[in-house]
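The values are calculated or read from the model by the stated rules, or taken from the named source; none is laboratory data. Small disclaimer: the values here were computed from a predicted structure and weren't measured. Heads up, the Cβs are rebuilt from the backbone with ideal geometry, glycines too, and the neighbour counts pull from every protein chain shown. These accessible areas exclude ligands, DNA and RNA; they are computed on the full protein's heavy atoms, side chains included. Shrake-Rupley method; radii C 1.70, N 1.55, O 1.52, S 1.80 Å.
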Amino acid sequence: MTDKPKRKKKPAPGPAARSEELALPDVMPVIPSGPNVVYPQQLMPVMAVEERDKRAIDAAASSEGKFVAIFSEPDDDQGSKEGLRLRDVGTAATIVRMAKAPDGSVHAILQGRARVRLVAIEGEGPPVQARVEALDDEGGAGLKAEAVMREASAAFVRAANLSDAMPSEIAAAVGDISEPAALADFIAANLPLKPDDRYRVLAELNVGRRLSLVNSLLKHELEVLEVRSQIQSDVKGELDKRQRDFILREQLKAIQKELGEESAPELAELRERLKNADLPEAARKEADREIERLEQIPAISPEYQVVRTYLEWIADLPWNVTTDDQLDIEHAARILDEDHYGLEKVKTRILEFLAVLNLKGGETRGPILCFVGPPGTGKTSLGQSIARALNRNFIHVSLGGMRDEAEIRGHRRTYVGAMPGRIIQEIRRAGSANPLMMLDEVDKLGTDFRGDPAAALLEVLDPAQNFTFTDHYLDIAFDLSRVFFIATANLTDTIPPPLLDRMEVIELPGYTEYEKLEIGKRYLLPRQLEENGISKSALRISEGAIREIIRSYTREAGVRNLERELGSVCRRVARLVVEGEKGQISVTQDNVSEFLGPARFRWELAAQKDEVGVATGLAATAAGGDVLFVEATVVPGKGRLTLTGKLGDVMQESAQAALTYARSRADSLGIAPAFFDRNDLHIHVPAGAVPKDGPSAGVTMAVALVSAMTRRPVHKDVAMTGEITLRGKVLPVGAIRDKILAAHRAGSKRIIMPRDNENDLLDVREEVRRDLEFVLVDSVDDVLAAALHEEASDDGPVVEQLVAGS
């Protein structure tokens, strides 16, 4: 493209007039420079890769004057012309040097010459041609401009000295510039400014305002550089101090070593603690090795604290520190009786352990017991009482919900924040190697990807292994054989068999009404009076009132809810006393409802009258024994059996077995075979939202079914339990004691149970056995004879009855 005719620009009047006249063409090729801004007199290297830019450089090189226009591009569309994103003000530059590379790109060095304004795009090219208008500087002379120049020059020199990005020659070059406009452009070109700020300097034609703008931007940059320099100085000072301290420590170590003096005071103290710890030989060797390594580690190293913490754990553990056992059996028996009523089997076992200690001179392995019983029967408090009777330190470890094996064995020291497991932690907290450790809720251990805590307990609770228990953190064997372990559980079903096999299981039964009455009078009521600030003279609760609370306000195997209700009575009395009640407040059986509200339970849960198709069964739950009612009814149909009440697989199979037995004995029971083809049977066990399972309801289902089919009512005061077979045999079941206590609480008078469970009656207290009649059976025929009336009833729903021979 041929260059347009050139015209000479006249210098602007006044001090800002141009120092030389520069002839610029009206139209010249354009190179977009992106966010970069080029100032007059500034050199800019360009590597042209795009065809548009290469053509522009070629066109400029072949023209007279070799002019090319450089315009920056904004971040948005402001200032764009004709679709190209170019700012309005740019720089006319000349090509100083140009070379073409083998890869086809063009390398050139451009020098800015003058500010120009973009008037219009003449052609999209390539190359892009633009019509431009030369811009002249305005103003700039005077004392103010000179003062700002001096201030800007001095500030720029300080900034150049503080900045790592500016070469030292730039600070010297700024002193050779005498023109305000050139100085402003020079400083702006060498400062790390934002693209918008660079363009503001380029677009400002008034030299005075341009210089002030540059001076303001320079001051901001200088403040940033000074703060950065201060930060670097502080960091360097800290590093220098640490390095100096390290060198001094090393020199101090060398001097102390030459003089034969002790090492640092904290290490000397740690050595003394380890010396007095009475460590086993293996622990002593490991401690000596680690403390020698610790002396070689700088105190500022993270490894120093890790090793020191490890050695402190070794020094703090009671390797051979024990408490003296209380071997007086009579004294121990007196303490156990003071704290707990009943529980003769547990107390006998503890006294036997004391007797063995007496005979062996106090040297024996600690027993590993497991107390199994419903909630509220005193398992945890019994452990505290045993520790007091033996004069041992008591440790309580809650295992409920524990899922990580490391909670038992600890973490290895390679992990950040590693620490020993709960066993070693509690041993250190106890301060003795022979404490009583209670592992609470062992039946509620969990397992996940982090391991199985129950498996980790196998070593802890195995007398043949726990004398060399090795925690992952310590990695040294610790003797746990002197620890008296007591585990607690509500059920044994969820305890893994290998773990259960290592423990001596002692069952804690639910309490009878008489036992609850005594516990309430002796232990619970005095404790609640003290906790609620009530004197014994201010409140009197009769035995009848406590018995009424047990019967009508609680339904549990333990006494936890009984204590809550007694606490409620005490709080109500406390309020009356504060409100001005005078004299002693008396709570009797007749006015208990005034303190606790209406009764929540009926004393006799058993059926109120003899009914057809309703039998009372006995079940074992995590809360002790309980009664359940099995309902059966007959409706017209095609012989189907429907089971409801959220029954488990075993319970459903028991119902099927009961129906099959009834069909096989239809003739002797007076039921026509056609009965099963014309009627459906429905068995329901109330409390439908509660899952139920187990084989012990087999006899109850058989009685309910036969009663419904023959219309013979079931005796209301009979409760029963037992598993049945297809041949009509009654097999033994478990938890007989808990089931009998539940029947006694419910008001039953006769218990039908398998004959093979006769020996289990020895575990039932005498006062309960006196109130009940026990019917021992071998077959379902015996059960039906004891549970059903001999004659059919006319009450109940009307169904098609088919009797044998009809």
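This table checks each residue for (1) in contact with a Gly (Cβ under 9 Å, 6 or more places away or on another chain); (2) of a type in the set (S, T, N, Q).
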residue	(1), (2)
A489	yes, no
L499	no, no
E504	no, no
P526	no, no
G533	no, no
K536	no, no
S542	no, yes
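Between A152, A173, A184, which is open to solvent by less than 50 Å² (accessible area, probe 1.4 Å), of a type in the set (A, V, I, L, M, F, W, C), free of Cβ contacts under 8 Å to residues at least 24 places away in the same chain and within 26 Å of R113 (Cβ to Cβ)?
Within the list A152, A173, A184, the selection yields A173.
So which residues in the stretch 536-568 are within 16 Å of Y514 (Cα to Cα), open to solvent by 40 Å² or more (accessible area, probe 1.4 Å) and not in a helix (DSSP H, G or I)?
The one that is within 16 Å of Y514 (Cα to Cα), open to solvent by 40 Å² or more (accessible area, probe 1.4 Å) and not in a helix (DSSP H, G or I): R555.
Here are A23, A16: which of them is modelled with pLDDT under 85, in contact with a strand residue (DSSP E or B) (Cβ under 9 Å, 6 or more places away or on another chain) and surrounded by 20 or more Cβ atoms within 10 Å (Cβ to Cβ)?
Just one listed residue meets the conditions, A16.
Report those helices (runs of 4 or more DSSP H) wholly inside the stretch 571-683 carrying at least 2 residues which are under 49 Å from the mean Cα position of the chain (by Cα).
592-596, 649-664
Conditions tested, residue by residue: (1) modelled with pLDDT of 85 or more; (2) among the hydrophobic types (A, V, I, L, M, F, W, C); (3) surrounded by 17 or more Cβ atoms within 10 Å (Cβ to Cβ).
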| site | (1), (2), (3) |
| --- | --- |
| G83 | no, no, no |
| M98 | yes, yes, yes |
| G112 | yes, no, yes |
| V116 | yes, yes, yes |
| A120 | yes, yes, no |
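Any idea which of G510, G533 is open to solvent by 20 Å² or more (accessible area, probe 1.4 Å) and either in a loop (DSSP other than H, G, I, E, B) or in contact with a Lys or Arg (Cβ under 6 Å, 6 or more places away or on another chain) (or both)?
None of the other options fit; the residue is G533.
State all residues of the stretch 263-285 that are under 20 Å from D475 (Cβ atoms), open to solvent by 40 Å² or more (accessible area, probe 1.4 Å) and either under 36 Å from the mean Cα position of the chain (by Cα) or free of Cβ contacts under 8 Å to residues at least 12 places away in the same chain (or both); if no residue qualifies, say none.
Once the filter is applied, which keeps residues that are under 20 Å from D475 (Cβ atoms), open to solvent by 40 Å² or more (accessible area, probe 1.4 Å) and either under 36 Å from the mean Cα position of the chain (by Cα) or free of Cβ contacts under 8 Å to residues at least 12 places away in the same chain (or both), the stretch 263-285 yields E281, R284, K285.
Which condition does Q425 not pass, out of (1) in contact (Cβ under 8 Å) with a residue 12 or more places away in the chain; (2) surrounded by 16 or more Cβ atoms within 10 Å (Cβ to Cβ), if it passes all the others?
(1)
Please count how many residues of the stretch 180-193 are touching a Leu at 6+ places or on another chain (Cβ under 9 Å) and either hydroxyl-bearing (S, T, Y) or not in a helix (DSSP H, G or I) (or both).
Number satisfying all stated conditions: 2.
Can you tell me which residues in the stretch 715-771 are at pLDDT below 85, of a type in the set (G, A, S) and assigned to a helix (DSSP H, G or I)?
A742, A746
Here's the yes/no breakdown for (1) under 60 Å from the mean Cα position of the chain (by Cα); (2) closer than 23 Å to L135 by Cα; (3) among the hydroxyl-bearing types (S, T, Y):
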position: G175; (1), (2), (3): no, no, no
position: S178; (1), (2), (3): no, yes, yes
position: D185; (1), (2), (3): no, yes, no
position: P195; (1), (2), (3): yes, yes, no
position: E204; (1), (2), (3): no, yes, no
position: G208; (1), (2), (3): no, yes, no
position: K219; (1), (2), (3): yes, no, no
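When you scan the stretch 294-390 for helices (runs of 4 or more DSSP H) that lie fully inside it, which ones turn up with 1 or more residues that are under 29 Å from P420 (Cβ atoms) and open to solvent by 50 Å² or more (accessible area, probe 1.4 Å)?
302-316, 379-390
Could you tell me whether L480 is part of a helix (DSSP H, G or I) and buried (at least 22 other Cβ atoms within 10 Å of the Cβ)?
no
Taking the stretch 633-646 only, how many residues are under 25 Å from P691 (Cβ atoms) and open to solvent by less than 20 Å² (accessible area, probe 1.4 Å)?
Summing the residues that are under 25 Å from P691 (Cβ atoms) and open to solvent by less than 20 Å² (accessible area, probe 1.4 Å) in the stretch 633-646 gives 1.
So is G670 out of contact with any strand residue (DSSP E or B) (no Cβ under 8 Å at 6 or more places or on another chain) and within 30 Å of G567 (Cα to Cα) or not?
No; evaluated as a whole, the condition is false for this residue.
If we keep just the residues of the stretch 569-585 that are touching a helix residue (DSSP H, G or I) at 6+ places or on another chain (Cβ under 9 Å) and open to solvent by less than 50 Å² (accessible area, probe 1.4 Å), which is nearest to T554 (Cα to Cα)?
Within the stretch 569-585, the match that is nearest to T554 (Cα to Cα) is V569.
Just checking, how many residues over the stretch 592-604 are open to solvent by less than 100 Å² (accessible area, probe 1.4 Å) and within 22 Å of G533 (Cβ to Cβ)?
The qualifying residues number 3.
If you check every pair at least six apart or on different chains, which have Cβ atoms under 6 Å apart with a residue in the stretch 769-792 that is farther than 17 Å from L726 by Cβ first and a residue that is open to solvent by 60 Å² or more (accessible area, probe 1.4 Å) second?
What qualifies is L776/R755; L776/E758.
Name the residue that is farthest from the chain's Cα centre (by Cα), counting only residues in the stretch 52-70 that are of a type outside the set (A, V, I, L, M, F, W, C) and open to solvent by less than 30 Å² (accessible area, probe 1.4 Å).
So the residue we want is S63.
Kindly list the number of the only condition in (1) at pLDDT 90 or above; (2) buried (at least 17 other Cβ atoms within 10 Å of the Cβ) that fails for S696.
Status for S696: all satisfied but (1).
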